[in-house]
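The structure appears below as structure tokens.
The values are calculated or read from the model by the stated rules, or taken from the named source; none is laboratory data. For clarity, every value in this text was computed on a predicted model and none was experimentally measured. Using ideal geometry, Cβ is built from the backbone for each residue, glycine included, and neighbour counts are taken over all protein chains shown.
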Amino acid sequence: MKILLCLFVLFLNGYVALAQEKVDVKASSETDRLAEQKLRKFSTNNTTMAVKLASLLNDKRQVIGSLETSGNEVILKDLNLRLIISERFDHDGQSNYKHFHVFAQSSQYFPEKLDACIIGVGDDDKEMIADAAEIYSDLVLPSILSFIKGEEVLTASQFYGTESWGVAGYRGFKGNYAIRGASDDSQFDEATFFADIPNLPSDKRAHLLKATLQCQKGAWIRNIEIDGETPLVIDQKWNQLPASPSPIIIIQFAIIHKKDAISDLDIRESALDKLKKHPSWLFPAEACPFEVMPKQLSRTGFSSHACKEGRLQDCIIECRKGSASACYNAALEIQRNRGDKSIFQALFLRACRLGHASGCTNATAGRKDNDACSLRSFEKICEIAQDPWACTMYGGLLFRDSQKRNTAKIREALRHSCRHGPEDPACAYAMKILEQLNSE
């Protein structure tokens, strides 16, 4: 079974060599002909891979926006991102896989192309190319898109530097993993594929990591590469996974972009000082949430440690760039630490503008009065996103209006209050309202 790593792959294609070096003029015409045929095949495969990848991305248009193909490229126009596909020639004689590199290029996000090494397997060229396209679409691209948007999208998970399943000491995103071979997938959900990696860069730019774990004869071997070519871990014996009687290969990608700043309290204070000056990108913040929330709201969760201590500065930077979850988590961090209410209210409102349902709920709840704005805002949030607290607050406001009380609307709103279970405070408060309603 071939270990799915690129490392330093040699380009042993005779036709390419003719263009790059002075070779013996007596090289056979037959060699040249075969090499030229391989180049044409590579070009066709690259184009086919681009078309297949684009077809898979059509299902993700809500996240990526418009796209088009041009030769061996997939162009995500709304994100100013180009995915450039290049097949590589491996000279070990195997023909049951195809080896591609996909370069993510963006002058704004990736001035230096972000290189992903992809191996597609199958019974024929069509299956191999389709497999490679699916790997990039499902395992690689979610982390790249999350990095661009500054928050989790599709199947990516964000890590901040202290999670066992992330990359220790770094902020970034990881995608799902893929398994080749029979296995119980759930046993790897919290696996530490990226633990203890030496020589990671600290240049504050994005880098793509690929972990490949291979189990043969019950023993695991781990390999880690960075940016498609450079090995960081080679054939390391890995005893952090349960042994398997059958051969298995696991692949996972992650993107890192800066070191964890949790211990740097100076930059936290610097970030807070800048917010106290009420920067124009955040203030004024007096609008009614109903008037600024978009037509669609996300149910993105929160992380209690995303903006903790020195990480607050990263959250503020990401919030300014347009990350709704960063705004929301920063607001919660400042609120928990009894910070300036005008600041965390402004951050909640910005999170709302960017489509964060709980950001809208908190921005509404923090208003001085429960007025018409509050009623309309809670109603809209409950209707669009079924946010438990928004629905509970909306039901509560309707219940207090004894003269115009609409029992049907109250019950419909509170129907969504217990989405997170009976222990959730929003649910408990909703149950009290229903008890009072039923007793009348």
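Could you run through the range 365-407 and say how many residues are more than 35 Å from the chain's Cα centre (by Cα), surrounded by 16 or more Cβ atoms within 10 Å (Cβ to Cβ) and not aromatic (F, W, Y)?
Taking the range 365-407 and keeping what is more than 35 Å from the chain's Cα centre (by Cα), we get 368-372, 396-407.
After this cut, where a residue has to be surrounded by 16 or more Cβ atoms within 10 Å (Cβ to Cβ) as well, the list is 396-399.
Restricting the remaining residues to those that are not aromatic (F, W, Y) gives 396-398.
Total satisfying the criteria: 3.
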- Task: Within the range 334-353, track down each residue that is free of Cβ contacts under 8 Å to residues at least 40 places away in the same chain and in contact with a helix residue (DSSP H, G or I) (Cβ under 7 Å, 6 or more places away or on another chain).
- Result: Q335, F344, F348, A351
- Note on the structure: The number of residues in the range 373-384 that are farther than 16 Å from A430 by Cβ and touching a residue at least 24 places away in the same chain (Cβ under 8 Å) is 5
- Does the range 198-219 contain any residue that is surrounded by fewer than 17 Cβ atoms within 10 Å (Cβ to Cβ), over 21 Å from L76 (Cα atoms), aliphatic (A, V, I, L, M) and assigned by TED's automatic domain parsing to the domain that holds I250? yes
- Selection count where residues are surrounded by fewer than 19 Cβ atoms within 10 Å (Cβ to Cβ) and at pLDDT below 95, scope the range 321-335: 2
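So which of G175, G181 ends up being touching a Cys at 6+ places or on another chain (Cβ under 9 Å) and under 16 Å from Q252 (Cα atoms)? Lay out the reasoning, then the answer.
Details: G175 fails: touching a Cys at 6+ places or on another chain (Cβ under 9 Å).
It is G181.
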- Query: Scanning the range 278-313 for residues that are touching a residue at least 40 places away in the same chain (Cβ under 8 Å) and surrounded by 24 or more Cβ atoms within 10 Å (Cβ to Cβ), which turns out farthest from A363 (Cα to Cα)?
  - Reply: R311
- One residue from I255, I226, I221, I250 being of a type in the set (V, I, T), in contact (Cβ under 8 Å) with a residue 24 or more places away in the chain, in contact with an Asp or Glu (Cβ under 6 Å, 6 or more places away or on another chain) and under 19 Å from C117 (Cβ atoms): I221
